[in-house]
Every structure is written in C-alpha cells, then in structure tokens.
Amino acid sequence: MAEPTQHQPAGISVRGVVWGGVAIVTAILLGAAASYLLWRQWSAPDSGPNAGRLPQVAAPVLQAAPQDDRVRYFAEKRRLLDSWEWIDRENGVARIPVQEAMQIMAARGGNTAPAGKERR
C-alpha cells in the first residue's frame, strides 16, 4: 500500500500578507474616521445660545429638619383615616373612619360588595 503524499506549500506569499495588512489597516482607519464623524454629528450643537456649554442643573433643596413635615404628613393621613366626609354625594361615595368601615364589613358577614353592587 502506498503512503499518501503530503503537500507542503512552496512558501508564504509576501504579496498576500502585504495586501492583507493593507486591508486591515484600511478597515481600522475607515472605522476610526466613521466613529469620529458620527461623534461630531451627534455631539452638542455648534451654534445657538448654549453652544459649547454644559446645562446648569440646580442642586436639590434639602431640609435641615424634615421631621416636622413628616409629623404633619402622618397627622393629615391619620385625620383622613378617622374622619367622615362626602367624596361624591350624588353617587353616595363617602369617607368613613376605618374602624367604622371594619365594623360594618364584619357585620355584613361574607358579603363584601359595596351597597348597590352585586357579587359576581
């Protein structure tokens, strides 16, 4: 049985290596040029009253002692939970104290549908 012959390249083509290198360098240069042009196009406008300036943003207003506002906020929420008030008198929508609402719901038993509405 004859052994297969292995073919060896005669040598490296210098012309192919040079053209490959030129193609790679050209692609890099074109990519860099395209990136620069797009950056210039999408950057801040070159004309107008604010050209070349960064927008000025006001610093946040911080309170030295927000505890007072927090106390007032929770007091208002507690007042709403414990007060009686008409929300929409024509449609019969009112605010009642949460304790009263829980007692009414418990007295109804399992029926939790609002008055005038049927359970589905």
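The values are calculated or read from the model by the stated rules, or taken from the named source; none is laboratory data. Keep in mind it's a predicted model, so treat the numbers as computed, not measured. Note that we place each Cβ from the backbone using ideal geometry, even for glycine, and neighbour counts take in every protein chain shown.
A few remarks follow.
- Within region 4-43, restricting attention to residues that are at pLDDT below 85 and hydroxyl-bearing (Ser, Thr, Tyr), the residue that is surrounded by the fewest Cβ atoms within 10 Å (Cβ to Cβ) is 5.
- Residue among 57, 61, 98, 93 that is modelled with pLDDT of 90 or more and of a type in the set (A, V, I, L, M, F, W, C): 93
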